[in-house]
Amino acid sequence: MAFGPSLLLNRVIMLFCRLLPTGFLLLSATMLFTAQFATQPVWAAQVPSLERVTAHSTTTASKIDSAAFLSAVVATHNGDDVQAAQSFRAAAAADPTHQELLRQAFVRSVMAGDPEAVPLARANAKLPGGQTIISSLVLGNDAALRGDWKAASSFYHQAEADPMAHLIMPLLQAWCAQAQNNTDAAVNALTHIQGSVLVPFYTVHAALIAQVSDKPDLAGTLFTQAARLMPGYDLLLTRSFAAWYWAQGQQSKARDLLRGMIDADPMLALAGKQLQAEISHFPVTTPQQGLARAYVLTAFLLRQQSRQQTPDNGRNGPSDHQFDEASRLMLGFALGLDPHLAEARLMLAEIQEDEGHQDAARETLLRIAPTDPMAPVAAFRLALVDSATDHLAEAQAKLVQLVQENPDQLLPLRALANAYAGQKNWPEALAIYNKAYDLAQAQKKDDWSLLFLRAVAYHELNDWPHTKADLKAALALAPNEPLLLNFLGYSMAERREDLPEAERLLRRAVELDPHDAAIRDSLGWVRVEQGDLQEGTTLLEHAAEQTPEDPEVNYHLGEAYWRAGRHSEGVDQWNVALGLKPEPHDEALIRAALDRAAAAGDKKAEEIQHAPRATAPQGQTEGKQTP
């Protein structure tokens, strides 16, 4: 399938995000965790559904503040927990007896990290079944913020029945013990746990508890132990251990440790200068901050479980949406305890992006202080969000600044080139891709995806020799990448260049990704061009069934029908393709085919050509054109 420019940015962004390092919050966690929560957590039944509150509200409309309720529903659908919480609270205030409204106001306030969750937790506790795991954690966090650690411990104990809460309960109780000057008991409780996948993280928190308790020797021993247990870098551990080295006068070890983590993660490298500038600062200095980090860990565990869950093993358990809701609850707890915790906001924005709530993700990222060490990471993620939501000028401005601030970093250069590509400014995109490629070569980094992206720019500039050269070089690095095999094979077929080789490439792509409609279309077209109308038509029909709104697939299928003597079906298919608002290049091909049909005496084709041409509405989404 051809690589048209209409949806190029989406393809590039999808590839770019697929290749981004995503583990900077807990770099080693993906190596530690497997699916382990077969039992459905209690929270899954405690988050009130929007459908339930909406249905219930239709019977009591006279009492409800309809404007506030509508605002709450819209905000919830948009993933804006801050606005949803405010609006649900306003709606609930108009009808304090409406239990579902109260529950929604409560849960959304928790997700927003809003202090109003506390009185709502107390109000919900008075309702039938209102004393829940969530309310226990909220009241425990409130007690912790007030310094009533005995009450906090008691509330946390009430939440132990939940499988997920049970995993982090040792952390919550340990920090309560530390705050009550029971440091030894807290450390012992965490370090004597065996057989849990969380042992490395329990050890990190034990070290943090020792450090907060002014026991640097014990903290150093535990940081060393935790570092041995971690198979990779962990942001919290690395920053804390580096700060400990610095406090011990071992500045060189501190810098080397932090540099090792930064060099291992291109995303974190953007914040390298800021992290080095903050090297002497411990990220956790109070028990409340320790609790917040425990909740961030829980949110990450839930995210990992969601990603590892297959449709089969998730059939009788929580859905991906429920996992995301639970993760956002945990992050709401974290931000309620530590509103300045950038890692929580970064993870929250990632969830919002995954759910399609780009505007909410943008607002979340904007709440990260520009003075925070992680601010460059937030700026980069914000630029990606802007690129994906057609705020290309804003994205470009942010990325230009990041490139200037990080001249030796590939990540912002690639993203800037992608932004120019999104604007269809191909000469500028190619110039930046060239800079990125030269930098990658200077750093001895072979990167097939960068060659692919540059090939796209060459392709759009009609430079086939350079396109082909970059695709072949990329395939030498990634010979089993369907994206590359399809792009090169179809581009060769378009030019009728070495069709047997094009077919070989595309058959290999089909083997690697047999369900990809674009690849089926490409192989079908090659077979048609080689005269095998039977296999070609079958492949193209399957592709059209998968992507019925793709004008190019429909054009190819129409051509196959026409060549097979099925003229009426061919013309019908071209007519369908025209109605899907193809790009100019594809429209020219379709109309040329209709001209041929009209010249051959096909009346239907002649009528289509003489019909008034529809203009695509502004902002019309064009057909899917991907390699």
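Of everything in segment 207-230 that is under 16 Å from Thr285 (Cβ atoms) and of a type in the set (Gly, Ala, Ser), the residue that is surrounded by the fewest Cβ atoms within 10 Å (Cβ to Cβ) is Ser213.
Does segment 147-155 include one or more residues that are in a helix (DSSP H, G or I), open to solvent by 10 Å² or more (accessible area, probe 1.4 Å), within 17 Å of Ala326 (Cβ to Cβ) and without any contact (Cβ under 8 Å) to a residue 60 or more places away in the chain?
Within segment 147-155 (the criterion being in a helix (DSSP H, G or I), open to solvent by 10 Å² or more (accessible area, probe 1.4 Å), within 17 Å of Ala326 (Cβ to Cβ) and without any contact (Cβ under 8 Å) to a residue 60 or more places away in the chain), the answer is no, since none of the residues qualifies.
Scan segment 158-205 residue by residue and report those that are among the small types (Gly, Ala, Ser) and either farther than 23 Å from Tyr233 by Cα or at pLDDT 95 or above (or both). Scanning segment 158-205 gives Ala159, Ala161, Ala165, Ala174, Ala177, Ala179, Ala185, Ala186, Ala189.
Here is a check on your reading of the model: is Leu190 in contact with a His (Cβ under 8 Å, 6 or more places away or on another chain) and either acidic (Asp, Glu) or part of a helix (DSSP H, G or I) (or both)?
yes
This table checks each residue for (1) without any contact (Cβ under 8 Å) to a residue 24 or more places away in the chain; (2) over 24 Å from Gln288 (Cβ atoms); (3) buried (at least 22 other Cβ atoms within 10 Å of the Cβ); (4) over 19 Å from the mean Cα position of the chain (by Cα).
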site	(1), (2), (3), (4)
Asp320	yes, yes, no, no
Asp324	no, yes, no, no
Ser327	no, no, yes, no
Met330	no, no, yes, no
Gln358	no, yes, no, no
Ile368	no, no, yes, no
His391	yes, yes, no, no
Gln401	yes, yes, no, yes
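For segment 446-454, the criterion of a residue being assigned to a helix (DSSP H, G or I), modelled with pLDDT of 90 or more, under 25 Å from the mean Cα position of the chain (by Cα) and among the charged types (D, E, K, R) is satisfied by at least one position. When residues in segment 502-525 are screened for being in contact with a Gly (Cβ under 9 Å, 6 or more places away or on another chain) and under 17 Å from Trp562 (Cβ atoms), 2 of them pass.
The residues of segment 122-145 that are part of a helix (DSSP H, G or I), buried (at least 23 other Cβ atoms within 10 Å of the Cβ) and modelled with pLDDT under 90, listed by number, are Ile134, Ser135. Criterion first (farther than 26 Å from Ala174 by Cα, surrounded by fewer than 23 Cβ atoms within 10 Å (Cβ to Cβ) and at pLDDT below 85) does Gln99 satisfy it? Here the answer is yes, as Gln99 does meet what is asked.
Considering only segment 550-599, state which residues are assigned to a loop (DSSP other than H, G, I, E, B) and touching a residue at least 12 places away in the same chain (Cβ under 8 Å). The answer is Asp550, Ala564, Leu580, Lys581, Pro582, Glu583. Hydrophobic (A, V, I, L, M, F, W, C), at pLDDT 90 or above and over 12 Å from Pro551 (Cβ atoms): does that describe Ala605? It is false that Ala605 is hydrophobic (A, V, I, L, M, F, W, C), at pLDDT 90 or above and over 12 Å from Pro551 (Cβ atoms). Every residue in segment 492-549 that is surrounded by fewer than 22 Cβ atoms within 10 Å (Cβ to Cβ), in a helix (DSSP H, G or I) and in contact with a Pro (Cβ under 7 Å, 6 or more places away or on another chain), please. Passing the criteria: only Leu512.
For segment 166-186, a residue qualifies if it is in contact with a Leu (Cβ under 9 Å, 6 or more places away or on another chain) and open to solvent by less than 10 Å² (accessible area, probe 1.4 Å), and the qualifying residues are Ile168, Leu171, Leu172, Ala174, Trp175, Cys176. All conditions in (1) modelled with pLDDT under 85; (2) under 27 Å from Ala144 (Cα atoms) hold for Gln289, with the sole exception of (1). Of all the residues in segment 406-429, those that are more than 19 Å from Ala264 (Cα to Cα), without any contact (Cβ under 8 Å) to a residue 40 or more places away in the chain and open to solvent by 40 Å² or more (accessible area, probe 1.4 Å) number 4.
Looking for something in contact with a Gly (Cβ under 7 Å, 6 or more places away or on another chain) and either outside any helix (DSSP H, G or I) or at pLDDT below 95 (or both) - is there at least one such residue anywhere in segment 278-286?
Scanning segment 278-286, I find at least one residue that is in contact with a Gly (Cβ under 7 Å, 6 or more places away or on another chain) and either outside any helix (DSSP H, G or I) or at pLDDT below 95 (or both), so the answer is yes.
State whether one or more residues within segment 477-484 are assigned to a helix (DSSP H, G or I), modelled with pLDDT of 95 or more and open to solvent by 50 Å² or more (accessible area, probe 1.4 Å). Yes, the conditions are met somewhere in segment 477-484.
For segment 332-356, the set of residues classified as touching a residue at least 60 places away in the same chain (Cβ under 8 Å) and surrounded by 20 or more Cβ atoms within 10 Å (Cβ to Cβ) consists of Gly332, Phe333, Ala334, Leu335, Gly336, Leu337, Glu343, Leu346, Met347, Gln352, listed by residue number.
With respect to (1) open to solvent by less than 20 Å² (accessible area, probe 1.4 Å); (2) under 20 Å from Ile209 (Cα atoms); (3) of a type outside the set (Phe, Trp, Tyr), the lone exception for Gln248 is condition (1). Hey, any hits in segment 462-472 for a residue that's in a loop (DSSP other than H, G, I, E, B), among the acidic types (Asp, Glu), closer than 21 Å to Ile432 by Cα and open to solvent by less than 60 Å² (accessible area, probe 1.4 Å)? Yes, there is a match, as at least one residue in segment 462-472 is in a loop (DSSP other than H, G, I, E, B), among the acidic types (Asp, Glu), closer than 21 Å to Ile432 by Cα and open to solvent by less than 60 Å² (accessible area, probe 1.4 Å).
The values are calculated or read from the model by the stated rules, or taken from the named source; none is laboratory data. If you're wondering where the values come from, they're calculated on a predicted model, not measured in any experiment. When we count neighbours, we look across all protein chains shown, and the Cβ atoms used for this are built from the backbone with ideal geometry, even at glycine. Note: areas computed on protein heavy atoms with side chains; ligands, DNA, RNA excluded. Shrake-Rupley method; radii C 1.70, N 1.55, O 1.52, S 1.80 Å.
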